[in-house]
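Reviewing the structure listed below.
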Amino acid sequence: MYQLNETAARQAEQRSERIAEPGEYVGVLTRAEDITSKKGARGVDCVFETETKQTAYFTLWTFGVEGKELFGYAQLNALMTCLGVKSLTLSKGAVYKWDSVSRKMLDLPADLFKDLMNKKIGILFETESYYKQDGTPAVKAVPAHFFEAGSGLTASEILDRKIQPQQKEKYLKRLKHRPAKEDSAPPASSTPLSEAMPDDRLDDIPF
């Protein structure tokens, strides 16, 4: 019934950990949720996971309060191109995330772009230092570029019908880590630990 699977044996020792180094990663989006910020901006909230259980949380903010296109809109279209997705429609689903009312992780109803989820995608991540809500320093991964997982082609190369990838290696060399601004740390007592989001992402969207 069972035969030894060495890969599975190794995976038993793996635990989910955050992407904390700039570089090239291949995985899937386990979440692509349509969200609206408190101030009215629209975006796609994403959770990325590699085969080795490295994860990254990020949001592509697509439209500002007045409907103006933001940089995340261009990134979303690059992501769609690399996944071969021509249009997105919302579907009802559920995501496992922090519930601020019950103060625990729950499966909560969500509007999802399922066409973006569970398909292999390549991402070039930069990293950025920031401060958690309790004032302690941390590092988050920030998507710089997307590429087709199988071919390594970027969105522009796919649209130009290129066969050999050239841009990815150039972009890879430019990836960097950005330090936190010295004046960006919140007072340690500003937010109780019980109220901090489990993924420690700050709501620093200025719109």
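The values are calculated or read from the model by the stated rules, or taken from the named source; none is laboratory data. Because the structure is a prediction, the values reported are computed rather than measured. Neighbour counts run over all protein chains shown; Cβ positions are idealised from the backbone, glycine included.
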Out of VAL85, VAL44, VAL95, I need the residue that is assigned to a loop (DSSP other than H, G, I, E, B), in contact (Cβ under 8 Å) with a residue 12 or more places away in the chain and surrounded by 13 or more Cβ atoms within 10 Å (Cβ to Cβ). Which one? VAL85
It is to be established whether one or more residues within segment 166-176 are touching a strand residue (DSSP E or B) at 6+ places or on another chain (Cβ under 8 Å), assigned to a strand (DSSP E or B) and among the hydroxyl-bearing types (Ser, Thr, Tyr). no
Among residues belonging to segment 15-33 that are within 13 Å of the chain's Cα centre (by Cα) and charged (D, E, K, R), point out the one that is farthest from GLY152 (Cα to Cα). GLU33
Does THR52 count as of a type in the set (Val, Ile, Thr), part of a loop (DSSP other than H, G, I, E, B) and within 22 Å of GLY152 (Cα to Cα)? yes
Can you tell me which residues in segment 169-185 are more than 12 Å from PHE125 (Cα to Cα) and either basic (Lys, Arg) or at pLDDT 95 or above (or both)? GLU169, LYS170, LYS181
Boolean, LEU124 is among the aliphatic types (A, V, I, L, M), surrounded by 13 or more Cβ atoms within 10 Å (Cβ to Cβ) and more than 17 Å from THR30 (Cβ to Cβ): yes
Only one of (1) closer than 26 Å to SER91 by Cα; (2) without any contact (Cβ under 8 Å) to a residue 40 or more places away in the chain is not met by ALA110, so which one is it? (2)
